[in-house]
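So the structure is just underneath, and the comments pick up after that.
The values are calculated or read from the model by the stated rules, or taken from the named source; none is laboratory data. Keep in mind that this is a model prediction, so the values were computed, not measured. So basically every Cβ, Gly included, is an ideal-geometry build from the backbone, and we count neighbours across all protein chains shown.
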Amino acid sequence: MHSTLKQRLQNSLPAVDFCSFRYVNFLSETVSVRQSVAQAPENQDDCGVMVTILDKGGYGYAATSDLSEAGLKKAVQQAQQWAACSRGRLVAPMDLHSCPPPVIGEYVHKVQQPWHSESLAHKVALLQAETETASIDSRIVDSFAELEWRQLEQFYLSSHGSEIWQQTEYLMPSLRVYGNQAADTQRRSFGGGYTGQQGGLELLASMNFYGSGRRLADEVLQLLAAPNCPSDRRNLLLAPDQMVIQVHESIGHPLELDRILGDERNYAGTSFVTPNLFGHYQYGSELLNVTFDPSIEQQFASYGYDDDGLSADKTYLIERGILKRPLGGFFSQQRAQLQGTANARACHWNRPPIDRMANLNIEAGDQPVEQLISEVENGVLMRGNRSWSIDDSRNKFQFGCEWGQLIENGQLTQVVKNPNYRGISATFWRNLTGVGDANSFEVLGVSSCGKGEPNQMIFVGHASPVGRFHDVDVFGGA
Amino acid sequence: MQAYFQTLCQHLNSQLQGNEVWLANLRGELSDFARFNQAKIRQAGQVQQQYLKLELINGQQHAFSRLSLSGDLAQDQARLSHSVQQLRQQLSELPPDPYVLYATEGESSHDVQASQLSPATEVVSELLDTVQGRDFVGIYASGSIYQGFANSFGQQHWHQRDTFHLDWSIYLHADKAVKQSYAGFAWDSATFQGKIAQADTQLAVLRQPARTLSPARYRVYLAPSALAELLTLVGYHGFGLKKHRTCQTPLLRMITEPKASLNPQIYLSEDTANGLAPSFQEQGFIRPASVPLIEAGHYQDTLISPRSAQEYQVATNGANEYEMPQSLSMAGGQLAASEVLAKLGTGIYINNLWYVNYSDLSGGRLTGMTRFACFWVENGEIVAPINVMRFDETLYHLLGDALEGLTSERDLLLDSHTYEHRSVESMCLPGVLVDGVRFTL
């Protein structure tokens, strides 16, 4: 298959300044159960090629699922038409000299327990067990459990001589339990809904999936009996499954170089970060260390090369609170004349690569969680994101969580419901007063990050310890 | 493509065994996309894609597969055969699903409009000439969109449109910009030039120094595009039967508290007859022309998928799997658009909202940001643009006790989203005038 495809792609290379083919074969299977009733499994088999052409100062792409030589040549012609149309009209020069250097490589993530090593009946049964054990009270009104498996195979070939094979597998378990009492409905989710990793069924044990149904149901009932989160300013301790979205929205998106260059202003938005800030801007306190890290083996967006064929390595974006570099792929780096990362990614074969987060992580600190709590006189712990909102410059934010627990005189005390907080990115991270050690560090991810025109939904990885912030505006519901 | 779909359906018939049933939904497009920044091209290309979603059913067991079709008949037939075998194996391992429901009879339909589209490269060249000298950013998308349904009972539907959608902003500086869109079936240069002229007028107002407002309550006018942001969020959870019965709707108080309601002026419906989306859904049921969701501020009906219909033992009204509106319509009111500024008096004129989400879903409390061209108005006159502000308010206030009026004019807003495929969803909405909206940050 590989040699046949490679030969067919090579035969289809046109006589232009630069041409690349990006072949993607995406397989998935989703098994789900709602309130003990098995839903219909969903299987996907999605295969296609994206052709990109640079020629005489023009740029064009074409995507097709027709992988015959005739189909590929037709796509090449379409890409050439757009390259001709865009000649002299491009926002930035894209020519022979602005292409990534050629590379030959391979990245394969090996799983320990393959998805197909267990029967469908077994998977359904384990999900049924989780929703059944969640049915502990008449106030539990809904429960949903799901396992999604994905396999992604990609081949990148360019007229410059690049040849890159990459194959990865992913498991995304999810579990949600809902409880209701009068006009109040509360939800708890497994891992806060951010639990995808690379690997196979072995992840279910390492993620502590088994038995979560009962635990989440217990927590839902506690929330139904809890008062609303107080409204005031206090210390805020964020669990990793909320740090994920805080990092994603208020560090990841603002550092995307295509946003800084204005590409996203009509849709996903711009950024309060400007090119002149890199190298000296105090983004956060000295405790803040943020990395682009494609090297954590099981993390969602670990890979060897991005979708423009650039080799990926761990890079500090923020070090001791100082902003170092943006999330920008090869073409954005050329435009901005800034060093970046290998993060040009496309969601599928039918969309062109743009600057995305991949694995964007907060490095662990040196404080045990118990110490972070013990130093707080008046605070609140929040975990499990359920709401997110931020302005188009990625500055004024508001987040809501599923679970809150007060911290009083160094102790975790009363559970509170509907915990929310709001702040401003440019100042929030400077109020970071504590970072959890490696024992609180969790490897999580976001399965659906939307951006781009045409729109692209992609998965990204985030890993983080617990974080503590002071003087935060918190409030409850209703 | 319709003939190709029919040929694949004949092949599916040949694959059936015993009492098996198949349902097939085809969704495809041939789309040109051109993305702009600074009135130049950032990325441009063409995407040809067609996906067939196959559901194999045997009694109460069923399973889906979604395949990308290559267009090579022998190859696609072989993949379909393999998929049927895979699904058949899965059915043998599944417990019964008591909520499976699909149409077994009904009429077929064919709804195709002849293309009036100009070549995308021609339109892009022309529009770039028009916007030169401006900081123009956005996307042009055009081409054929088609959806088909068929089943082993012989029912067939086909829906095809050739459309274009230009969605753009013109920036003055930083985050100060005018947002516009132009969509339809045939590009008209004069119409586009007229919109750019309107943008130039608004940009002149944006040149005034921006005003930063303090957190407080303000009178507000929400233009239809801003109201659409609110209702898009509410549509995710608000109108489906399952969300209603499991108490996950943001309109929960309207179920549990007899006195809770929206303003009597609020009439909301799923208006399939006047939207762009096809009238058939994935299990072969036909949607009624209209489903009243809110009438005079009170719950009237919900969107009911076949699955929920079976689970809750009611009739389906052809809702999609997620029971979300695709052609949401809100009735207009008595307020003339020309009187909006005068009626607003002193307050905020909001053209666009952004990133709306819940502060408290059960309480129907939402938050979100102002975006693009939003203005401070004093004594009925636009005074200055505002810097972005966050609102935090309940639906029962926004569309309830604080609602002062709805415009008699409504905008048909065609969804510009292109996640996985070009959207065929739309909304038809008025603007709303609201008193005392809370802004927090």
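Screening B:GLU420 against (1) touching an Asp or Glu at 6+ places or on another chain (Cβ under 9 Å); (2) free of Cβ contacts under 8 Å to residues at least 24 places away in the same chain leaves a single unmet condition, (1). For the range B:144-163, residues that are surrounded by 21 or more Cβ atoms within 10 Å (Cβ to Cβ) and either within 11 Å of chain A (Cβ to nearest Cβ) or among the aromatic types (Phe, Trp, Tyr) (or both) total 2. You will find that of B:ARG211, B:ARG207, B:ARG219, the residue that is without any contact (Cβ under 8 Å) to a residue 40 or more places away in the chain, more than 14 Å from every other protein chain (Cβ to nearest Cβ) and more than 26 Å from B:ILE41 (Cβ to Cβ) is B:ARG207 and no other. In the set (1) over 30 Å from B:ASP32 (Cα atoms); (2) at the interface with chain A (Cβ under 8 Å from one of its Cβ atoms); (3) of a type in the set (A, V, I, L, M, F, W, C), B:LEU101 fails one condition alone, (2).
Table: residues versus (1) surrounded by fewer than 22 Cβ atoms within 10 Å (Cβ to Cβ); (2) over 15 Å from the mean Cα position of the chain (by Cα); (3) of a type outside the set (D, E, K, R); (4) part of a loop (DSSP other than H, G, I, E, B).
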site: A:ASP258; (1), (2), (3), (4): no, yes, no, no
site: A:TYR267; (1), (2), (3), (4): no, yes, yes, yes
site: A:SER271; (1), (2), (3), (4): no, yes, yes, yes
site: A:ASN276; (1), (2), (3), (4): yes, yes, yes, no
site: A:GLY279; (1), (2), (3), (4): yes, yes, yes, yes
site: A:GLY284; (1), (2), (3), (4): no, yes, yes, yes
site: A:GLY309; (1), (2), (3), (4): no, yes, yes, yes
site: A:ILE318; (1), (2), (3), (4): no, yes, yes, no
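Of the residues that sit in the range B:164-191 and are more than 14 Å from chain A (Cβ to nearest Cβ) and assigned to a strand (DSSP E or B), which one is surrounded by the most Cβ atoms within 10 Å (Cβ to Cβ)? Filtering first and then ranking leaves B:ALA183.
Within the range A:115-142, the set of residues being in contact (Cβ under 8 Å) with a residue 12 or more places away in the chain and in contact with an Asp or Glu (Cβ under 8 Å, 6 or more places away or on another chain) comprises A:TRP115, A:LEU120, A:VAL124, A:LEU127, A:ILE136. Within the range A:129-147, the set of residues being within 13 Å of chain B (Cβ to nearest Cβ), assigned to a strand (DSSP E or B) and of a type outside the set (A, V, I, L, M, F, W, C) comprises A:ASP142, A:SER143. Meeting the requirement of 1 or more residues that are in contact with a strand residue (DSSP E or B) (Cβ under 8 Å, 6 or more places away or on another chain), more than 9 Å from chain B (Cβ to nearest Cβ) and surrounded by fewer than 20 Cβ atoms within 10 Å (Cβ to Cβ), the strands (runs of 3 or more DSSP E) wholly within the range A:380-478 are A:396-408, A:411-416, A:432-435, A:442-451, A:467-475.
A quick yes/no check of all residues on (1) in contact with a Leu (Cβ under 8 Å, 6 or more places away or on another chain); (2) under 21 Å from A:GLN282 (Cα atoms); (3) touching a residue at least 40 places away in the same chain (Cβ under 8 Å):
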site	(1), (2), (3)
A:SER311	no, no, yes
A:TYR316	no, yes, no
A:GLU319	no, yes, no
A:PHE331	no, no, yes
A:ASP355	yes, no, yes
A:ALA364	no, yes, yes
A:SER374	no, no, no
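Restricting B:GLN49, B:GLN85, B:GLN75 to residues that are within 8 Å of chain A (Cβ to nearest Cβ) and either out of contact with any Gly (no Cβ under 9 Å at 6 or more places or on another chain) or in a strand (DSSP E or B) (or both) narrows the list to B:GLN49.
Report yes if B:GLN48 is free of Cβ contacts under 8 Å to residues at least 60 places away in the same chain, buried (at least 22 other Cβ atoms within 10 Å of the Cβ) and either of a type in the set (D, E, K, R) or within 22 Å of A:ASN350 (Cα to Cα) (or both), otherwise no.
yes
Inside the range B:117-134, residues that are closer than 29 Å to B:ASN320 by Cβ and either within 11 Å of chain A (Cβ to nearest Cβ) or modelled with pLDDT under 95 (or both) make up a count of 0. For the range A:34-43, does any single residue satisfy the condition of being more than 11 Å from every other protein chain (Cβ to nearest Cβ) and surrounded by 22 or more Cβ atoms within 10 Å (Cβ to Cβ)? No - not one qualifying residue is present in the range A:34-43.
Report, by residue number, each residue of the range A:44-92 that is more than 7 Å from chain B (Cβ to nearest Cβ), within 30 Å of the chain's Cα centre (by Cα) and surrounded by fewer than 21 Cβ atoms within 10 Å (Cβ to Cβ). The answer is A:ALA92, and nothing else.
Counting only strands (runs of 3 or more DSSP E) that sit wholly inside the range B:370-441, those with at least 2 residues that are more than 30 Å from B:TYR51 (Cβ to Cβ) and among the acidic types (Asp, Glu) are B:390-394, B:403-414.
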